[in-house]
Every structure is written in structure tokens, then in C-alpha cells.
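Here is the structure we will look at.
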Amino acid sequence: QVQLVESGGGSVQAGGSLTLSCIASGQTFDVYSMAWFRQAPGKEREFVSAISWSGADIWYGDSAKGRFTVSRDNAKSTMYLQMKSLKVEDTAVYYCAGDSGGLSYYHIESEYDYWGQGTQVTVSA
């Protein structure tokens, strides 16, 4: 019903910046809250940020707070993650997620209905 595709990943040196995009297609009207998660090799998937449909409600994980900014442009069916002051520990595959309604816990992976394939972010020292 809904497809999510991430882009913008790549390699960057520590202290640099990178902006990720997630574009939704299909029945985009069925996408309410959206979120970013990330997963480093051998580690559990970690909540990064989430944003409500209107953008009025925004949440950040502790590791993202103060450095990352989430936004969305519903006219373009796109969510963004602006990442600044990147650290080596930010290296991970970043996943875009979408909720079709009924979201109770924005930071829980299983709450989301749609997922992208992920985009690799590599931060080198």
C-alpha cells in the first residue's frame, strides 16, 4: 500500500553533516507519524526521531537530541533528517518508518507499519 525509500546516505568525516530523505509513494494519505531508526552491525535497532503528520509533535532519541533535526514536507510526501556534528558512533543503516494509525509508542519499532530498505551512513574519524 505504501512504499518508503530512503536516500542521502553516504560517507562523511566526523564533525560533518548529512541530510537523509525518505519519500513515500502509493497510498501516502495512509501515512501519519513517521520516524527514523538506525541499526549498527551487531546492535539492536535504535530510535532516532519521529514526527507527527502536522509536524507539531517531534521526538528525538537521546543520541540525536541537539544534533539532528527531523522535518517533513507533506506536499512532497517526504521526511528529512538533517544530521550535524556527526560522530563515528552515528555509523549505521538508517531506516525510514511510517505509521498507518493507532500509534501508541513512537519509539517502538513494532508500532510502525511501513519501512524503507535503509540507507547506509558511515562516519569516519
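Annotations
- Search result, residues across segment 104-120 that are open to solvent by less than 50 Å² (accessible area, probe 1.4 Å) and either within 13 Å of the chain's Cα centre (by Cα) or in contact (Cβ under 8 Å) with a residue 24 or more places away in the chain (or both): 112, 114, 116, 118, 119
- Unique residue being without any contact (Cβ under 8 Å) to a residue 12 or more places away in the chain and of a type outside the set (Asp, Glu) when the list is 75, 35, 50, 64: 75
- Checking 63, 71, 52, 33 one by one, the residue that is touching a helix residue (DSSP H, G or I) at 6+ places or on another chain (Cβ under 8 Å), open to solvent by 10 Å² or more (accessible area, probe 1.4 Å), of a type in the set (S, T, N, Q) and over 11 Å from residue 95 (Cα atoms) is 63 and no other.
- Of all residue pairs spaced 6 or more apart or on separate chains, those with beta-carbon atoms under 8 Å, a first member in segment 5-16 that is of a type outside the set (A, V, I, L, M) and a second member that is exposed (fewer than 12 other Cβ atoms within 10 Å of the Cβ) and not in a loop (DSSP other than H, G, I, E, B) are 11/124; 13/124.
- Any chance residue 97 is buried (at least 17 other Cβ atoms within 10 Å of the Cβ) and part of a strand (DSSP E or B): yes
- If the condition is being touching a Phe, Trp or Tyr at 6+ places or on another chain (Cβ under 8 Å), of a type in the set (Asp, Glu) and closer than 19 Å to residue 105 by Cα, then segment 21-74 contributes only 46.
- Test for residue 123: is it closer than 22 Å to residue 8 by Cα, under 15 Å from the mean Cα position of the chain (by Cα) and either open to solvent by 30 Å² or more (accessible area, probe 1.4 Å) or among the β-branched types (Val, Ile, Thr) (or both): no
- Verdict on residue 85 being open to solvent by less than 70 Å² (accessible area, probe 1.4 Å), at pLDDT 95 or above and not in a loop (DSSP other than H, G, I, E, B): no
The values are calculated or read from the model by the stated rules, or taken from the named source; none is laboratory data. Predicted model, so just to flag it, every value in this text is computed and none were measured. No Cβ is skipped: glycine too gets one built from the backbone with ideal geometry, and neighbour counts run over all protein chains shown. When the accessible area is computed, the model is the full protein with side chains, heavy atoms only, and any ligands, DNA or RNA have been set aside. Shrake-Rupley method; radii C 1.70, N 1.55, O 1.52, S 1.80 Å.
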